[in-house]
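The values are calculated or read from the model by the stated rules, or taken from the named source; none is laboratory data. Predicted, not measured: the structure shown is a model, and the values here were computed from it. Note that each Cβ is placed from the backbone with ideal geometry, even for glycine, and that neighbours are counted across all protein chains shown.
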Amino acid sequence: MTLGPAVPNALVESNLRYLRFPLVSACLISHPGARVRLQSDVRHQHARQPDGVVDQRHRLHLAVVPTLVKILDGASTDADFNQTENMFVFPANKALRLSNAAYSPANALHPFHLHGNNFWVVQSNATDIINTVNPIRRDVAGTASRGMILRFTTDKPGPLPPNCHIFYHFVTGLGSVIVGGPDEILQQVHPIEGWDALCPAYNALPPDEQRCNRASMRE
C-alpha cells in the first residue's frame, strides 16, 4: 500500500464513519457463528524468497483442477478439497467473522481484500476498539502486524481468495480460499462451449507464462 507524505491530521481508518447511517447488517448486530482466522506465518525466509503457511494449516499448493471446476463437479465441503488448498467452505448467506493477523515485521500496511465481496471493518489495524455499531464498509483495508477483524456475509456465491498481492501469496504458499454457497454456484454458473477453448489456449503458453513461479520472484 502506497503511503503519502506525513500530515498533521492524517486519516485514521478506525475513525471513518458513514456520512449517513447505513442499513444495519445482520452480521453486525449478532455474533457470527462462523469464524475464520487467517494468520500468515513465515517458516523460513531467504532474501527474496519467503515461504510460509496460513492459519497453521498447510503451505498453499495450487491444484491442477481449479476451485470453481471442482465445485461444478460436486465439491461442497472442506473435505472435498486437498488439505494444501486451504479451503473454507460455507453455505450461502452465512455471517462470517474474519480476523487477519498478517506477517509484517515492519508494520507496513498491506491492502487486504476479498475478490468479489465487500466487508465491514469492525476492528481496524490502527486500534484495539471493536465497532459493531457504525463501522465503515470497504472493499480494501490495510492490515499489518496488529491485524484486523472483518465481518461479511456470503451473499455472493463463489470462491473468494483473501489476499493483498495475490501472485506473491501463491508463490510463497500464503494463500487460502473462502467458498460461499456451493449449492448456489451450481444453480447460477452454467459453463458454455467457449470455456472448453480456454484450457488448450492456456496449455499452449510457454511454461514461464503458466501461473507464477519462484524463478520469476527472484528476478
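General observations
- Screening the candidates Gly142, Gly158, Gly147 for the property of being touching a His at 6+ places or on another chain (Cβ under 9 Å), surrounded by 14 or more Cβ atoms within 10 Å (Cβ to Cβ), on the phi > 0 side of the Ramachandran plot and touching a residue at least 12 places away in the same chain (Cβ under 8 Å) yields one hit, Gly158.
- The set of residues from region 160-169 being under 12 Å from the mean Cα position of the chain (by Cα) and among the hydrophobic types (A, V, I, L, M, F, W, C) comprises Leu160, Cys164, Ile166.
- If you go through region 119-147 and keep only what is aliphatic (A, V, I, L, M) and either closer than 30 Å to His190 by Cβ or not in a loop (DSSP other than H, G, I, E, B) (or both), you end up with Val121, Val122, Val140, Ala141.
- Scanning region 148-172 for residues that are under 21 Å from Phe90 (Cβ atoms) and in a loop (DSSP other than H, G, I, E, B) turns up Thr154, Asp155, Lys156, Pro157, Pro161, Pro162.
- Subset of region 173-183 [among the small types (Gly, Ala, Ser) and either under 12 Å from the mean Cα position of the chain (by Cα) or assigned to a strand (DSSP E or B) (or both)]: Gly175, Ser176, Gly180
- Residue in region 167-219 that is surrounded by the fewest Cβ atoms within 10 Å (Cβ to Cβ), counting only those that are among the polar types (S, T, N, Q) and either modelled with pLDDT of 75 or more or more than 24 Å from Asp78 (Cβ to Cβ) (or both): Asn203
- Single match in Phe119, Phe112 (criterion: closer than 28 Å to Leu11 by Cβ, buried (at least 19 other Cβ atoms within 10 Å of the Cβ) and at pLDDT 85 or above): Phe119
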